[in-house]
Ligand SMILES: [Fe+2]
Ligand SMILES: [Fe+2]
């Protein structure tokens, strides 16, 4: 059942929009460069869903909506973090971290998405989480390896993604943290929790 992303027909179980409507909406709200990235994440997520037995429709919806808050104004995101009682520690960071949790919240109100797997996949795609269900892992990894990504190590991440998804989660987590340390960037505590669960103390499988 190697479904291609363009061939997926949505039921009404997870969203009332068709896939084409959703993409048209993204094209209005989001820059074309990011839409290209989003479609790359969707293509990859649908492939991984087929490989690991996840629902392709859920993978497509989560992928298409994962960066929905990425270009929203900071002020709006700050208000949302406060009004939705999110972790206030978020306010010490910026959109790079916010757009996961705020995106999940926006997608719920704007598109009526209530499926917890889809919402968690969007919520946790930026820094991961100690516990991730299959769809969360797929979106986290697809975001890292989609065809538009070019950086040292991406080929290894792609190889791992299609052979051992958990190893790909660990690899992406370790590389991302390493990159942040090299830049001496501030690290959101949940990213460290993800690292502690998926990387620390594990035998290197790659
Ligand atoms: Fe993102
Ligand atoms: Fe993304």
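Quick check on region 177-188. Is at least one of its residues within 21 Å of the chain's Cα centre (by Cα), under 20 Å from residue 134 (Cβ atoms) and buried (at least 18 other Cβ atoms within 10 Å of the Cβ)?
No.
Residue 28 passes all but one of (1) touching a residue at least 40 places away in the same chain (Cβ under 8 Å); (2) more than 14 Å from ligand 2 (Cβ to nearest atom); which number fails?
(1)
Which ones in region 152-163 are within 18 Å of the chain's Cα centre (by Cα) and either closer than 23 Å to residue 89 by Cα or surrounded by fewer than 18 Cβ atoms within 10 Å (Cβ to Cβ) (or both)?
154, 162
Report, by residue number, each residue of region 140-163 that is outside any helix (DSSP H, G or I) and within 15 Å of ligand 2 (Cβ to nearest atom).
Within region 140-163, 146, 147, 148, 149, 150, 151 meet the criteria.
Yes or no: residue 15 over 15 Å from residue 101 (Cα atoms), in contact with a helix residue (DSSP H, G or I) (Cβ under 7 Å, 6 or more places away or on another chain) and either in contact (Cβ under 8 Å) with a residue 40 or more places away in the chain or in a helix (DSSP H, G or I) (or both)?
Details: over 15 Å from residue 101 (Cα atoms): yes; in contact with a helix residue (DSSP H, G or I) (Cβ under 7 Å, 6 or more places away or on another chain): yes; either in contact (Cβ under 8 Å) with a residue 40 or more places away in the chain or in a helix (DSSP H, G or I) (or both): yes.
Spelling it out, residue 15 is indeed over 15 Å from residue 101 (Cα atoms), in contact with a helix residue (DSSP H, G or I) (Cβ under 7 Å, 6 or more places away or on another chain) and either in contact (Cβ under 8 Å) with a residue 40 or more places away in the chain or in a helix (DSSP H, G or I) (or both).
Testing residue 25 on (1) in a helix (DSSP H, G or I); (2) over 17 Å from residue 144 (Cα atoms); (3) within 16 Å of ligand 1 (Cβ to nearest atom), one condition comes back false. Which one is that?
(3)
I need the full set of residues from region 1-22 which are within 14 Å of residue 64 (Cβ to Cβ) and crowded, with 16+ Cβ neighbours inside 10 Å, in order please.
Within region 1-22, 5, 8, 10, 14, 15, 17, 19, 22 qualify.
Would you confirm whether or not region 164-175 contains a residue that is within 13 Å of ligand 1 (Cβ to nearest atom), touching a helix residue (DSSP H, G or I) at 6+ places or on another chain (Cβ under 6 Å) and either closer than 20 Å to residue 96 by Cα or in contact (Cβ under 8 Å) with a residue 12 or more places away in the chain (or both)?
yes
Bear in mind these aren't lab numbers, they're just calculated from the coordinates by the rules spelled out. Bear in mind the structure is a predicted one, so any value in this text is a computation, not a measurement. As a convention, Cβ positions derive from the backbone with ideal geometry for all residues, glycine included, and neighbour counts pool all protein chains shown.
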